[in-house]
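Beneath this line is the structure, given in structure tokens, with notes to follow.
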């Protein structure tokens with residue numbers, strides 16, 4: 001790997017068969033590392049650059065050893081794992097960890113806190129940078145839990161959205177169960193799905209059971225949230241209490257990705273797919289759609305992305321960095337990874353022929 005200096009960008013690429021790291025001094029030319037955890041699934045990755053250091057976290061799953069969270073403080077040169085595993089159910093919980101779907105470092109003001117969303121559907125909190133996690137019992141013991149279903153990939157708590165200033169507020173999203181919000185630090189939770197479709201369930205729209213694929217929070221207006229659903233693209237202007245459709249102008253309303261600009265209000269990106277029955281880009285042309293007015297209108301962005309493309313971009317196989325302009329990154333089930341250094345206007349290939357890409361995260365090194 002090339003020498004990595006402050007100001008370089010690191011792109012962590014988790015796949016069905018390992019983790020790769022791509023580095024770049026300018027987000028144009030990239031150097032790809034050899035694989036880490038070869039032949040192990042890496043469903044989640046995080047690059048934690050808080051407190052002036054960079055910690056790399058990987059939610060790995062070995063067919064022999066099972067799932068855990070590995071961490072590295074030297075960009076993959078060495079790795080550590082907590083004894084008995086960083087995420088571990090207790091003997092009385094009646095469950096065994098299957099997969100770590102999401103690793104989410106909290107805000108700069110909470111430098112040790114990291115959240116993990118897992119399978120079976122559960123939320124975990126770490127206060128030591130991801131070395132040890134504690135089960136958030138308020139969600140685990142929720143009376144709805146026995147009725148939460150499994151998405152196509154399994155029962156997953158796949159999205160964790162902390163509030164930027166309110167230490168007690170947190171949203172999670174799960175497949176399938178929908179969006180839930182806590183306003184007391186995780187002690188209690190309420191479903192927040194009014195307006196989100198669950199067309200696959202009989203009767204009127206339910207309180208919960210929606211298959212929400214991804215949720216992102218607006219960087220400037222924290223009570224504004226955006227959601228990509230299993231058919232449906234939505235915005236909430238009241239912290240998730242109600243949702244309205246913003247799918248008009250998109251070629252389809254199905255997909256997995258929802259990204260929000262880290263500094264500018266109203267700018268979001270989605271990656272439409274044809275339908276739940278045909279999980280490929282419409283017309284076989286991979287494209288990102290960007291909204292700059294909170295989803296009122298959309299602009300198609302496809303320069304540098306492939307035609308004749310019949311693979312999906314999964315929910316965490318897309319991310320943005322904090323550069324100026326913001327970088328946008330996509331990884332596909334074909335093993336291709338694309339990067340844009342100009343907020344999606346143009347893309348270039350970072351890597352190809354990797355295993356299925358499950359998770360990507362990017363960070364500009366402090």
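Just so it is clear, none of the values below were taken in a lab; they were calculated from the coordinates. It should be emphasised that the depicted structure is a prediction, and the values quoted were computed from it without experimental measurement. Backbone-built Cβ (ideal geometry, glycine too); neighbour counts: all protein chains shown.
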Residue count, segment 9-35 (criterion: in a loop (DSSP other than H, G, I, E, B) and farther than 15 Å from residue 340 by Cα): 5
Within segment 81-95, restricting attention to residues that are touching a strand residue (DSSP E or B) at 6+ places or on another chain (Cβ under 8 Å) and without any contact (Cβ under 8 Å) to a residue 40 or more places away in the chain, which residue is nearest to residue 13 (Cα to Cα)? 81
Within segment 288-300, restricting attention to residues that are under 21 Å from the mean Cα position of the chain (by Cα) and crowded, with 19+ Cβ neighbours inside 10 Å, which residue is farthest from residue 355 (Cα to Cα)? 295
Qualifying positions in segment 36-48 - part of a loop (DSSP other than H, G, I, E, B) and either farther than 12 Å from residue 12 by Cβ or touching a helix residue (DSSP H, G or I) at 6+ places or on another chain (Cβ under 6 Å) (or both): 38, 39, 40
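Condition check ((1) surrounded by fewer than 23 Cβ atoms within 10 Å (Cβ to Cβ); (2) at positive phi; (3) touching a helix residue (DSSP H, G or I) at 6+ places or on another chain (Cβ under 6 Å)) across all residues:
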site	(1), (2), (3)
79	yes, no, no
83	yes, no, no
86	no, no, no
92	yes, no, no
98	yes, no, no
109	yes, no, no
117	no, no, no
123	no, no, yes
128	yes, no, no
Residue in segment 57-65 that is in contact with a strand residue (DSSP E or B) (Cβ under 9 Å, 6 or more places away or on another chain), more than 20 Å from residue 330 (Cα to Cα), touching a residue at least 40 places away in the same chain (Cβ under 8 Å) and exposed (fewer than 14 other Cβ atoms within 10 Å of the Cβ) present: no
Residues of segment 156-209 satisfying the condition of being surrounded by 22 or more Cβ atoms within 10 Å (Cβ to Cβ), free of Cβ contacts under 8 Å to residues at least 40 places away in the same chain and either assigned to a loop (DSSP other than H, G, I, E, B) or in contact with a helix residue (DSSP H, G or I) (Cβ under 8 Å, 6 or more places away or on another chain) (or both): 198
